[in-house]
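Asks: Structure below; questions to follow.
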Amino acid sequence: MTVTVVETAELTKVYGETIAVDKLNLKIGEGEVFGFLGPNGAGKTTTILMLLGLTEPTYGEARISGYNTTFEPLNVKRITGYLPENVGFYNDLTARENLRYITRLNSMRRQEATGKIDEALKSVGLMEVADKEVGKFSKGMKQRLGIADVLVKDPKLVILDEPTTGIDPAGVSHVLDVIIGMARNHGITVLLSSHLLNQVQKICDRVGIIAKGKLVAEGSIEKLNTELFTKGQNAVEVQVTELTDGLMNLLRSIVGVTGIDVTGNSLSIFSDRDVKKEVSKAIVESGSLPIQIKTRDYALEEIYMKYFSED
Amino acid sequence: MTAVFWKELRDHFSSYRFIILVFMIVIICGAAVYTAAENVRGDVRLNPTDFIFIRVFTTSGDTLPSFLAFISFFGPIIGIIFGFDAINSERTGGTLSRILSQPLFRDSVINGKFLAGFVTIAILMAAIVLGTSVLGIAAIGIRPSSAEVLRIFIFYILTLLYVGFWLGVGVLCSVLFKKTVTSALVPFSIWIFFLVFMSMIAGLIADWQEPIDRYSQPEEEVNHQDIQDKIALVSPVVLYSEASDIVLSPERRTLHGITQARMEVNPELTDFTPVSVRQSLKLTGPHLIVLMALTAICFAASYIRFIKEEIRST
Ligand SMILES: Nc1ncnc2c1ncn2[C@@H]1O[C@H](COP(=O)(O)OP(=O)(O)OP(=O)(O)O)[C@@H](O)[C@H]1O
Ligand SMILES: [Mg+2]
């Protein structure tokens, strides 16, 4: 087991009547890319704020590299880079000057800082506009500058709150590459929140799905897949030459089948175990022929939708 | 904190508000000195004393108020202008989240910003006072004595404390209110309240405690005035104007303004021979301390509010 970088224990945040984050237990290891998924208002940002000591937990605690985020915020902030949801810069300063200020706040030496700033700007592709005032940047450029901003301080952990909002598709894949690069080349641990599943799916080693403040599922994408199977969400898709009532009856009588959707000659058969063999047998027995039989692979999207539609 | 301080200082000096203020102040002080010099020259012939130069600061003309009056009017404005959007402009700009996720204590953000504003004001004020003195020397052709220089220096410090207090009020409001419009209006309202309504309220309370009419004895009148003066001292505006008047007028030997009734009750008051700097300082010491205490209260309130506050980037 690798070193744990982020750890929360029963982390809870209550705002008046709403429970924004509900007894969250998370563990993220060094060098991992962790995707924090959830719909609007799920509690992603609130969790992140507690991880940075920008708000206090109502109950429970969070630790970054062993430092308590409420009582040792400076130690946490020294090693953590944070890209807020709506990142802002000083509009009258250039990109370089904005980053320079951050290096000063981190008490970095001037020379070291200059190198880091160039490196960070280069890695997000903003080198040509480095000396342009940020007020003249587009939203996507600012977002990318936000990533550079996180990188200059040479962090151990990077927390990105919706890092790809407002970036065009080409830019998104570039940003995702940068994020993967942080983890793979520099061993930085990455925690990123998003509601864009396909992106998370592409780059994350592990995901946590949060809904209404509760962590409803957590693990690698494969693990979430198998978890779903055991929950009775196995699905077989078949196409048959002829759809008869007899066939339907046979299928329904198979042990474990929980439901059948029919569209034309195509069927989706849901069950709580693997029933592919029984299904093919039933089709042949009914006098029809199977044209196609396949187990449906749950994409993360479906996992996600499932959790979100559950309540 | 030093990083915050230098950035803010640089921002202040390149800001439009700074340039506009400098312009305004130069014009106004020039006018004030001009009229003062005119009147001081006439005054000296009628009533020669040791303290001539310092009157450049306190003498008003027929149409224009004195330098002191200008400064007591613009001081609060300058203080508020450099403080009212310190924190909330960063909040709305989305930079606060970024800054506060860096390894620095939150109070050093407030301290750095306050200090930068204070240093800016100190430089601005030093320029004003020096400029006025130089203009004054040129206009009336008399050099200040060392006692006068000392008094002017004390006046400078006093003014800084006063403007610093309003800066503190501005910074506090920038912590308390999310919108810059609100955080600009509230301190100005407080100022106007103290400037205009405080003396009215003090008068009302004094009327209620010690009613007087035109048949009242001088003692009763003095008592009435004392009550009114004491209540008015709650106001920083009064604190400053009283203290600066004492510092710049060597012949003033009591805290209270001199009125007919007071002179009747206490004939010593008619003695207008100047007092020493030390004596004047003794009189204004409490004023200075109260001004600093008020500023400290603004700070404490800003800290308490800001230290544990949730910082969201929206
Ligand atoms: N200051 C606050 N006072 C009261 N309730 C709040 C406050 N801030 C957030 N909430 C509530 O907490 C819940 C979680 O909010 P949070 O911002 O963490 O969601 P999120 O997962 O980041 O959503 P999004 O995808 O929209 O960014 C929401 O129901 C929200 O209404
Ligand atoms: Mg959010």
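Asks: Within the set of pairs 6 or more residues apart or between chains, which connect a residue that is on the phi < 0 side of the Ramachandran plot and open to solvent by 20 Å² or more (accessible area, probe 1.4 Å) inside region A:11-33 to a residue that is more than 16 Å from ligand 2 (Cβ to nearest atom) and hydrophobic (A, V, I, L, M, F, W, C) with Cβ atoms less than 6 Å apart?
Replies: That search, which allows pairs on different chains as well, returns A:E30/A:V3; A:E30/A:V5.
Asks: Go through region B:189-224 residue by residue and tally those that are open to solvent by 40 Å² or more (accessible area, probe 1.4 Å) and either free of Cβ contacts under 8 Å to residues at least 40 places away in the same chain or over 23 Å from the mean Cα position of the chain (by Cα) (or both).
Replies: 24
Asks: Separate question: So which of A:G88, A:G125, A:G43 ends up being in contact with a strand residue (DSSP E or B) (Cβ under 6 Å, 6 or more places away or on another chain) and open to solvent by less than 40 Å² (accessible area, probe 1.4 Å)?
Replies: Exactly one residue qualifies, and that residue is A:G43.
Asks: Which numbered condition in (1) farther than 25 Å from B:D11 by Cβ; (2) within 15 Å of ligand 1 (Cβ to nearest atom); (3) facing chain B (nearest Cβ under 8 Å) is the only one that A:G38 fails?
Replies: Every condition holds for A:G38 apart from (3).
Asks: Something else now. Considering only region A:141-151, state which residues are open to solvent by less than 10 Å² (accessible area, probe 1.4 Å) and either free of Cβ contacts under 8 Å to residues at least 60 places away in the same chain or under 19 Å from the mean Cα position of the chain (by Cα) (or both).
Replies: A:Q143, A:L145, A:G146, A:I147, A:A148, A:V150
Asks: Moving on to the next point. Return the residues of region A:23-33 that are away from ligand 2 (no atom under 16 Å from the Cβ) and in a strand (DSSP E or B); say none if nothing qualifies.
Replies: Matches in region A:23-33: A:K23, A:N25, A:L26, A:K27, A:I28, A:G29, A:V33.
Asks: Hey, could you check region B:124-143 for residues that are modelled with pLDDT under 85 and of a type outside the set (A, V, I, L, M) and say which is most open to solvent (accessible area, probe 1.4 Å)?
Replies: B:R143
Asks: Taking interchain pairs and intrachain pairs at least six residues apart, which have beta carbon atoms under 7 angstrom, with the first residue in region B:128-146 and β-branched (V, I, T) and the second open to solvent by 50 Å² or more (accessible area, probe 1.4 Å) and not in a helix (DSSP H, G or I)?
Replies: Every condition considered, the pairs that remain are B:I137/B:R143.
Asks: Give the number of residues within region B:61-95 that are open to solvent by 20 Å² or more (accessible area, probe 1.4 Å), in a helix (DSSP H, G or I) and within 14 Å of chain A (Cβ to nearest Cβ).
Replies: Matching residues across region B:61-95 total 4.
Asks: Next up: When you check A:L267 against the structure, is it open to solvent by 70 Å² or more (accessible area, probe 1.4 Å) and modelled with pLDDT of 85 or more, yes or no?
Replies: no
Asks: Additional query: Restricting attention to region B:102-110, does a residue exist that is more than 14 Å from chain A (Cβ to nearest Cβ) and either out of contact with any Gly (no Cβ under 6 Å at 6 or more places or on another chain) or closer than 30 Å to B:E310 by Cβ (or both)?
Replies: Checked against the condition, which is being more than 14 Å from chain A (Cβ to nearest Cβ) and either out of contact with any Gly (no Cβ under 6 Å at 6 or more places or on another chain) or closer than 30 Å to B:E310 by Cβ (or both), region B:102-110 yields at least one hit.
The values are calculated or read from the model by the stated rules, or taken from the named source; none is laboratory data. As the structure is a computational prediction, the values presented were derived from the model and not from experiment. A quick note on method: Cβ atoms are made from the backbone with ideal geometry, for glycine too, and the neighbour counts reach across all protein chains shown. Quick note on the areas: whole protein, heavy atoms, side chains included, nothing else; ligands and nucleic acids left out. Shrake-Rupley method; radii C 1.70, N 1.55, O 1.52, S 1.80 Å.
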